[in-house]
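Working notes, beginning with the structure itself.
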Amino acid sequence: MQRFRSLLVLRRPLQRQSHNSYTTISAQRDTSPQHHHFHEEVLVEGRAFSRAAILNRPSQLNAITTSMAGRLQRLYQSWEDNSQIGFVMMKGSGRAFCSGADMVTIHRLLQEGNVAECKEFFRTLYQFIYLLGTYLKPNLAILDGITMGGGAGVAVPGMFRIATDKTVFATPEVQMGFHPDAGASFYLSRLPGYLGEFLALTGEKLNGAELVACGIATHYSLSGKLGWIEERLGQLMTDDPSVISDSLAQYGDLVYVDKSSILHKIEKIDKYFCHDTVEEIVDALRAADYDDELCSTALKKLKEASPLSLKITLQSIREGRFQPLDQCLAREFRTSLQCMLSPDFSEGIRARLVDKDFAPKWDIPNLEGVTKDMVDRYFAPLPVSEPELNLPTSLREPFM
């Protein structure tokens with residue numbers, strides 16, 4: 001376990017503070033019901049020298065919509081330009097930070113033939129993620145609860161990511177006929193060894209302690225103490241990252257991941273998931289000891305996933321190892337526009353999120369039927385009539 005860091009636990013034994021200690025800011029310019037609805041989905045807390053964006057769709061686990069991504073981008077742009085704001089924060093309402101993209105809505109729009117709105121969603125979300133990855137001020141994300149898919153995508157670019165005892169992280173997209181996106185090919189490919197391939201292909205969950213150990217999160221806190229931490233942060237009058245870091249770290253303590261953690265099996269993960277193709281990974285898992293729980297569980301999850309999605313995902317992670325954030329997002333954008341029109345995406349969302357029978361019938365039911373040419377089409381440049389993802393790389397160079 002030398003490659004994994006010890007974990008920081010924020011430990012001050014004070015009760016969680018109420019959000020009432022901050023000012024909730026709401027727009028006054030437009031009182032139409034639709035405008036009010038959009039603003040209610042992303043609330044804002046005003047503090048002395050900082051702002052907090054609150055994802056506020058708790059009944060949908062704060063799944064992101066186009067309007068939410070657009071509002072977040074406008075807010076973060078305005079906060080970056082405001083000299084009276086030193087740093088910013090994002091958190092979620094209810095039992096989730098963010099469960100990712102609102103795939104049920106995307107599925108419905110596709111069934112209605114509204115492809116253009118689905119394309120606009122991915123474009124808007126990825127542009128916001130690039131803004132986060134190039135942000136000029138310290139930004140924090142509090143990952144208290146479910147943090148999956150695109151939810152991790154809007155958290156990982158932050159300078160500070162606080163996980164808790166309620167954090168549940170996963171990238172389960174291959175189970176839905178899609179691919180880990182929203183920058184996943186960038187940050188998963190930079191995890192220790194071949195852990196990124198393992199997480200992307202199996203959808204395995206990690207808890208808060210494990211997120212800090214592998215580097216996805218930077219700090220750890222018990223959920224019940226977050227109110228005190230937010231109170232502390234709300235009193236800071238600084239834009240200095242070291243001051244914010246010290247404010248978090250000075251209440252820390254050392255703990256370690258549980259003995260049963262998948263991270264203690266990193267050598268096995270590297271052995272099985274280092275191979276060049278999904279077929280070779282499957283063969284390596286099958287050749288392992290029959291009673292090896294890691295192998296049996298991984299094989300079961302690989303069998304449940306879309307064979308096409310598995311191959312797309314492995315190639316995406318491997319390409320991401322050698323690309324900066326902007327190139328990863330541009331490539332993922334092409335892949336997402338192709339994937340959302342594939343039969344497997346429609347079937348995967350139906351089986352897991354709509355009908356919930358968890359019995360998808362994939363268009364190509366086995367790995368052998370998925371050729372390299374099929375996979376390469378999901379990485380090809382878009383047609384001339386379809387604009388590529390336009391990111392301001394000449395003006396904003398990613399720090400990551």
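A few points about this structure:
- Extreme residue, most open to solvent (accessible area, probe 1.4 Å), among residues of the range 334-369 that are closer than 22 Å to E279 by Cβ and among the small types (G, A, S): G369
Rundown of residues vs (1) touching a strand residue (DSSP E or B) at 6+ places or on another chain (Cβ under 6 Å); (2) assigned to a helix (DSSP H, G or I); (3) closer than 28 Å to L389 by Cβ; (4) at pLDDT below 90, yes/no style:
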{"site": "F38", "(1), (2), (3), (4)": "no, yes, yes, yes"}
{"site": "R51", "(1), (2), (3), (4)": "yes, no, yes, no"}
{"site": "Y76", "(1), (2), (3), (4)": "no, yes, yes, no"}
{"site": "F122", "(1), (2), (3), (4)": "no, yes, yes, no"}
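- Remark: pairs (first residue in the range 317-337, touching a residue at least 24 places away in the same chain (Cβ under 8 Å) and over 15 Å from P180 (Cβ atoms); second residue surrounded by fewer than 24 Cβ atoms within 10 Å (Cβ to Cβ) and of a type in the set (A, V, I, L, M, F, W, C); Cβ separation under 7 Å; 6+ apart in sequence or on different chains) = D326/L391; A330/L389; A330/L391; L337/L382.
- Filtered residues of the range 40-57 (kept if buried (at least 18 other Cβ atoms within 10 Å of the Cβ) and over 22 Å from the mean Cα position of the chain (by Cα)): E45, R47, S50
- Some residue of the range 367-377 being closer than 14 Å to S342 by Cα and in a loop (DSSP other than H, G, I, E, B): yes
- Among the conditions (1) open to solvent by 30 Å² or more (accessible area, probe 1.4 Å); (2) farther than 20 Å from L143 by Cβ, Q60 misses just one, which is (2).
- In the range 72-98, the qualifying residues are those that are open to solvent by 20 Å² or more (accessible area, probe 1.4 Å) and in contact with a helix residue (DSSP H, G or I) (Cβ under 6 Å, 6 or more places away or on another chain), and the one that is nearest to L43 (Cα to Cα) is S93.
- Matching residues in the range 291-333 - criterion: being surrounded by fewer than 18 Cβ atoms within 10 Å (Cβ to Cβ) and closer than 24 Å to A116 by Cα: Q327
- Summed over the range 270-314, the residues that are more than 30 Å from F333 (Cβ to Cβ), without any contact (Cβ under 8 Å) to a residue 40 or more places away in the chain and either assigned to a loop (DSSP other than H, G, I, E, B) or among the polar types (S, T, N, Q) (or both) give a count of 7.
The values are calculated or read from the model by the stated rules, or taken from the named source; none is laboratory data. Predicted model, so just to flag it, every value in this text is computed and none were measured. Quick reminder, even Gly has a Cβ in these numbers, built from the backbone with ideal geometry, and neighbours come from all protein chains shown. For the accessible areas, the whole protein counts, side chains as well, though only heavy atoms, and no ligand, DNA or RNA atoms are used. Shrake-Rupley method; radii C 1.70, N 1.55, O 1.52, S 1.80 Å.
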